[in-house]
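Quick notes on the structure that follows.
The values are calculated or read from the model by the stated rules, or taken from the named source; none is laboratory data. If you're wondering where the values come from, they're calculated on a predicted model, not measured in any experiment. Every residue, glycine as well, gets a Cβ built from its backbone with ideal geometry; the counts of neighbours run over all protein chains shown. To get the accessible areas, we keep the full protein, side chains included, count just its heavy atoms, and leave off ligands, DNA and RNA. Shrake-Rupley method; radii C 1.70, N 1.55, O 1.52, S 1.80 Å.
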Amino acid sequence: MIVAIDGPAGSGKGTVTKIIAEKMNLQYIDTGAMYRCVALKMLEEKVSLEEKEKIKQILDNIEIDLKGTAVFLNGKEVTKEIRSVEVSNFSSPVSTISFVREKMVELQRALANGKNIIMEGRDIGTVVFPNADVKIYLDATSEERAKRRVEQNEKNGLESNYNQILKDIIERDNRDMNREISPLRKADDAILVDTTSLSIDKVVEKISDIIYNQI
Ligand code: DC
């Protein structure tokens, strides 16, 4: 069984998908982490967005392992590193490169092979698995998503500026939604869940009900 969860950053996708994976015994696959690995490798090797041949070389040799929520890049754990602000910002333009997307989609399809999975991303229901058994699109207003990010930063002892975060979120959404290949959008047959005024528990309950009703 394949459950596809798409939506913008801060929609609650990550948190909720992890909980449902555990609850329903589905393998959790975070595709954003895969684009982040490519961005991290490019930063480490000082490869720019214009250096197509070097990026192709990186992709030819890349090995990404997702073990639950832990992420390994060419054998080294990078779970924390891929969440840095630098990697977050760079992964967005990296994910607009067509051959990067082709390679990631190929890896994502291979990961799912014959398993019961829940995969979260931006193009899972539209491109990676257009025939997924369940498709959900999570959304929330940009203001609510910025507020959540500020709260998350506070919890982690990081300083943050609400207005800057809101600006970054709007910028990233624009880029993700307007890129030429596989833009972030709700698949026609995906179920929209607006999480703006819902608690995490409530979202988990809603999505679990949708999954149970569709299988
Ligand atoms: O979900 P995230 O913030 O970890 O994703 C990191 C970047 O990767 C983000 O800019 C969008 C992009 N991405 C994508 O283009 N397609 C996916 N399936 C997942 C993420």
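Legend: residues Lys206, Lys155, sorted from most to least accessible area (1.4 Å probe; ligands, DNA and RNA excluded), read Lys155, Lys206. Based on protein heavy atoms only, region 1-158 ends up with 47 Å² per residue of surface accessible to a 1.4 Å probe. The C-alpha atoms of the chain occupy a region whose extents along the principal axes are 46, 44, 32 Å, arranged from largest to smallest.
Taking GluC sites (Glu not before Pro) as exposed when DSSP calls them loop and at most 11 other C-beta atoms lie within 10 angstrom, the chain has its longest site-free stretch at 64-158. For region 100-215, averaging the sequence separation of C-alpha pairs within contact (under 8 Å, six or more residues apart) and dividing by the residue count gives a relative contact order of 34 percent. Computed over region 53-106, the P(r) curve from all C-alpha pair distances, binned at 10 Å from the origin, holds 21, 52, 27, 0 percent per bin. Rounded to the nearest 20 debye, the dipole size of the chain about its Cα centre is 140 debye, using +1 on the Cβ of Lys and Arg and -1 on the Cβ of Asp and Glu.
A Förster radius of 45 Å combined with the Cβ-Cβ distance from Lys155 to Ser48 puts the calculated FRET efficiency at roughly 0.85. Here the gap between Ser199 and Phe99, fully extended at 0.36 nm per residue and compared with their Cα-Cα distance, gives a gain of 32.2 nm.
Element breakdown for region 49-183 at a 1.4 angstrom probe: carbon and sulfur atoms account for 46% of the accessible area.
For region 41-163, the residue among Asn116, Met104, Phe72 whose Cα projects farthest onto the positive side of the dipole built from Cβ charges is Asn116. Of Val38, Pro93, Ala140, which is farthest towards the positive pole of region 6-154's charge dipole, taken about the Cα centre with +1 and -1 on the beta-carbons of Lys, Arg and Asp, Glu respectively? Comparing the listed Cα positions along the dipole, Ala140 ranks first.
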